Amino acid sequence: MSPGAPELSIIIPAYNEELRLPATLSSIAAYTRSSKRNIEVIVVDDGSRDKTVAVAEQFRNEIPSLRVVSNGENRGKGYSVRHGMQEARGEIVLFTDADLSAPIEEVEKLLPAMKTNDVAIGSRAMDRSQISVHESPFREFAGIIFNKIVRLILWLPFVDTQCGFKAFRHEPCKIIFEQQTIERFGFDPELLYLARHHGLRSVEISVRWGHSPATKVSMMRDSMMMFVDVFVIRWNSITGKYPHRHK
């Protein structure tokens, strides 16, 4: 990283988030003021049709390091996270959901782990007593089934791959975002699979979390695509779509 680069970049993928962004950015503004770290904040607009961009821009005074970048059109959460990663300058890059389901202060649980790991992922399933607002029983059951399929097909050891609160060491993790192919909600297992594929160290850490009823994930359309994506990841690996970097 260049001299003066931020210690932490916070990426917020946002699609039609004019209603939820104010509370999220207010919380992040308070965190950046209280933290002793050099922090930048990047809102990635995913082709929103509402006032997401204007709402985000209003926080420039509260968050001097704030940048708002645009995908130009709706490409998906996975694409937005990758775009944010490419824009980020921080030594560590965290992406968090626009509803801040995991309070931003929970990053303090992930950062110490980054001293010995390349990836630290927030988890709802390791300690469900930390969930303040649960999903519907059907959503929770579907999540458990999805995780079992991920563990079976991709051999990943994590009990929650889908929590939208993940931190990456920027330099060593560049390759996984360069090779990322999934652009919508099924991208998380691909990132974690690629991290293991390239010998990066990952750790799962329990975080506080509260479900947002205004979630953008469709139980039918998106869940089906995510299941398909797990098999796409496996196929990509078998067919050599994830080449190892040269030493």
Qualifying residues in region 39-64 (those that are under 20 Å from the mean Cα position of the chain (by Cα) and assigned to a loop (DSSP other than H, G, I, E, B)) - the one nearest to residue 12 (Cα to Cα): 46
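Please verify whether residue 75 is under 25 Å from residue 35 (Cβ atoms) and open to solvent by 20 Å² or more (accessible area, probe 1.4 Å), treating the condition exactly as stated.
Working: under 25 Å from residue 35 (Cβ atoms): no; open to solvent by 20 Å² or more (accessible area, probe 1.4 Å): yes.
When the stated conditions are applied, residue 75 does not pass them.
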Flag for residue 86 being open to solvent by 10 Å² or more (accessible area, probe 1.4 Å), within 14 Å of residue 13 (Cα to Cα) and modelled with pLDDT of 95 or more: yes
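Would you mind finding the one in 84, 78 that is out of contact with any strand residue (DSSP E or B) (no Cβ under 7 Å at 6 or more places or on another chain) and under 21 Å from residue 120 (Cα atoms)? Let's see the steps before the verdict.
Numbers: 84 fails: out of contact with any strand residue (DSSP E or B) (no Cβ under 7 Å at 6 or more places or on another chain).
Residue meeting the stated conditions: 78.
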Failed condition for residue 67, given (1) more than 19 Å from residue 170 (Cα to Cα); (2) surrounded by 15 or more Cβ atoms within 10 Å (Cβ to Cβ); (3) basic (Lys, Arg): (1)
Unmet criterion (only one of (1) modelled with pLDDT of 95 or more; (2) over 17 Å from residue 9 (Cβ atoms)) for residue 108: (2)
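Just give me the residues in region 122-142 being under 15 Å from residue 210 (Cβ atoms) and either aromatic (Phe, Trp, Tyr) or in a helix (DSSP H, G or I) (or both), in sequence order. Full working, then the answer.
As a first pass, look at region 122-142 and keep what is under 15 Å from residue 210 (Cβ atoms): 122-125, 127-136, 139-140.
Those that are under 15 Å from residue 210 (Cβ atoms) and either aromatic (Phe, Trp, Tyr) or in a helix (DSSP H, G or I) (or both): 128, 129, 130, 139, 140.
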Answer residue from region 106-133, given it is out of contact with any His (no Cβ under 6 Å at 6 or more places or on another chain) and exposed (fewer than 15 other Cβ atoms within 10 Å of the Cβ) and is farthest from residue 200 (Cα to Cα) among those: 132
Cβ-Cβ under 7 Å pairs, at least 6 apart or on other chains, region 97-113 side among the acidic types (Asp, Glu), far side open to solvent by less than 20 Å² (accessible area, probe 1.4 Å) and in a helix (DSSP H, G or I): 99/24; 105/31
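Please find, among 44, 69, 81, 93, the residue that is at pLDDT 95 or above, more than 28 Å from residue 131 (Cβ to Cβ) and not charged (D, E, K, R). I'd like the intermediate steps shown before the answer.
Values: 44 fails: more than 28 Å from residue 131 (Cβ to Cβ); 81 fails: more than 28 Å from residue 131 (Cβ to Cβ); 93 fails: more than 28 Å from residue 131 (Cβ to Cβ).
Answer to the selection: 69.
Conditions (1) open to solvent by 50 Å² or more (accessible area, probe 1.4 Å); (2) over 25 Å from residue 20 (Cα atoms); (3) in a loop (DSSP other than H, G, I, E, B); (4) of a type in the set (S, T, N, Q), marked per residue:
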| residue | (1), (2), (3), (4) |
| --- | --- |
| 144 | yes, yes, no, no |
| 157 | yes, yes, yes, no |
| 163 | no, no, yes, no |
| 184 | yes, no, yes, no |
| 188 | no, no, no, no |
| 196 | yes, yes, no, no |
| 203 | no, yes, no, no |
Subset of region 205-233 (residues that are charged (D, E, K, R), open to solvent by 50 Å² or more (accessible area, probe 1.4 Å) and modelled with pLDDT of 85 or more): 208
Check on residue 167, small (Gly, Ala, Ser) and surrounded by fewer than 23 Cβ atoms within 10 Å (Cβ to Cβ): no
Members of region 1-58 found to be within 25 Å of residue 184 (Cβ to Cβ), among the acidic types (Asp, Glu) and open to solvent by 20 Å² or more (accessible area, probe 1.4 Å), listed by number: 18, 50
Conditions (1) touching a residue at least 40 places away in the same chain (Cβ under 8 Å); (2) open to solvent by 10 Å² or more (accessible area, probe 1.4 Å); number of the one not met by residue 81: (2)
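The values are calculated or read from the model by the stated rules, or taken from the named source; none is laboratory data. Model, not experiment: these values are computed from the prediction. Positions of Cβ are backbone-derived with ideal geometry, glycine not excepted, and every protein chain shown enters the neighbour counts. Surface areas here come from the heavy atoms of the whole protein model, side chains and all, with no ligands, DNA or RNA. Shrake-Rupley method; radii C 1.70, N 1.55, O 1.52, S 1.80 Å.
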